[in-house]
1. For residues in segment 40-49 being polar (S, T, N, Q) and part of a loop (DSSP other than H, G, I, E, B), which is nearest to residue 25 (Cα to Cα)?
2. Need pairs with beta-carbon distance below 8 Å; first residue farther than 25 Å from residue 97 by Cα and within segment 48-60, second buried (at least 21 other Cβ atoms within 10 Å of the Cβ) and among the basic types (Lys, Arg); sequence gap 6+ or separate chains.
3. Return yes or no: is residue 121 closer than 26 Å to residue 28 by Cα, among the β-branched types (Val, Ile, Thr), in a strand (DSSP E or B) and open to solvent by 30 Å² or more (accessible area, probe 1.4 Å)?
4. Quick one: is residue 110 free of Cβ contacts under 8 Å to residues at least 24 places away in the same chain, out of contact with any helix residue (DSSP H, G or I) (no Cβ under 6 Å at 6 or more places or on another chain) and of a type outside the set (Val, Ile, Thr)?
5. State the number of residues belonging to segment 1-59 that are of a type in the set (Gly, Ala, Ser), open to solvent by 80 Å² or more (accessible area, probe 1.4 Å) and either under 20 Å from residue 108 (Cα atoms) or within 13 Å of the chain's Cα centre (by Cα) (or both).
6. Those residues that are in a helix (DSSP H, G or I), touching a helix residue (DSSP H, G or I) at 6+ places or on another chain (Cβ under 8 Å) and not hydrophobic (A, V, I, L, M, F, W, C), I need them from segment 81-105; list them, please.
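The values are calculated or read from the model by the stated rules, or taken from the named source; none is laboratory data. Here the structure is a predicted model, which is why all the values come from computation and not from measurement. Counting neighbours? That spans all protein chains shown, and the Cβs are built from the backbone with ideal geometry, glycine included. These area figures cover heavy atoms from the full protein model, side chains too; ligands, DNA and RNA do not enter into them. Shrake-Rupley method; radii C 1.70, N 1.55, O 1.52, S 1.80 Å.
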Amino acid sequence: MSPRPGIGIYAPSGFSLDPAALDRAVARFEERGHRVVVDPTCRSRHQRFAASDDERLAAVMRMNADPRVDIAIMLRGGYGWSRLLSRIDFAGVAATRKRWVGYSDFTAFALGSLAQGGMTTFAGPVAASDFGAVH
């Protein structure tokens, strides 16, 4: 049996309204055999965002550069991606062939990737409100 994909969780937008949701999401992924990489932006807050624009951009690049991450999943949606788009090297991100998942303002990143880099993105669940939801 091949190993499960590595999942990276990062916060390119808002901060988590429920910090325990991240822990629940990580536990659910790990219970299913995934290795999980959690970016520091998932546990930070800067004004209405998870971190400053520079740090959120760095989180995207950390997910992209980390060889343990096959799928990068947003912590949550909300405003923030559009502030980063002009600074993303979409061709460089596409070259790693990672899959990117999210919704809400993730649409801006997905459309940017389609126009600029041709990488794989999916509109789909996010870590905090979907995988980290209380069942």
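1. Among residues in segment 40-49 that are polar (S, T, N, Q) and part of a loop (DSSP other than H, G, I, E, B), the one nearest to residue 25 (Cα to Cα) is 44.
2. These pairs meet every condition: 49/56; 50/56.
3. Criteria met by residue 121.
4. Criteria met by residue 110.
5. Residues that pass the stated criteria total 0.
6. Once the filter is applied, which keeps residues that are in a helix (DSSP H, G or I), touching a helix residue (DSSP H, G or I) at 6+ places or on another chain (Cβ under 8 Å) and not hydrophobic (A, V, I, L, M, F, W, C), segment 81-105 yields 82, 83, 87, 92.
Residue-wise test of (1) in contact with a Lys or Arg (Cβ under 9 Å, 6 or more places away or on another chain); (2) closer than 12 Å to residue 11 by Cα.
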position	(1), (2)
33	yes, no
40	yes, yes
62	no, yes
82	no, no
104	yes, no
112	no, no
121	yes, no
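Listed here are the residues, each with its yes/no results for (1) open to solvent by 20 Å² or more (accessible area, probe 1.4 Å); (2) not charged (D, E, K, R).
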{"site": "76", "(1), (2)": "yes, no"}
{"site": "79", "(1), (2)": "yes, yes"}
{"site": "87", "(1), (2)": "yes, no"}
{"site": "90", "(1), (2)": "no, yes"}
{"site": "104", "(1), (2)": "yes, yes"}
{"site": "107", "(1), (2)": "yes, yes"}
{"site": "112", "(1), (2)": "no, yes"}
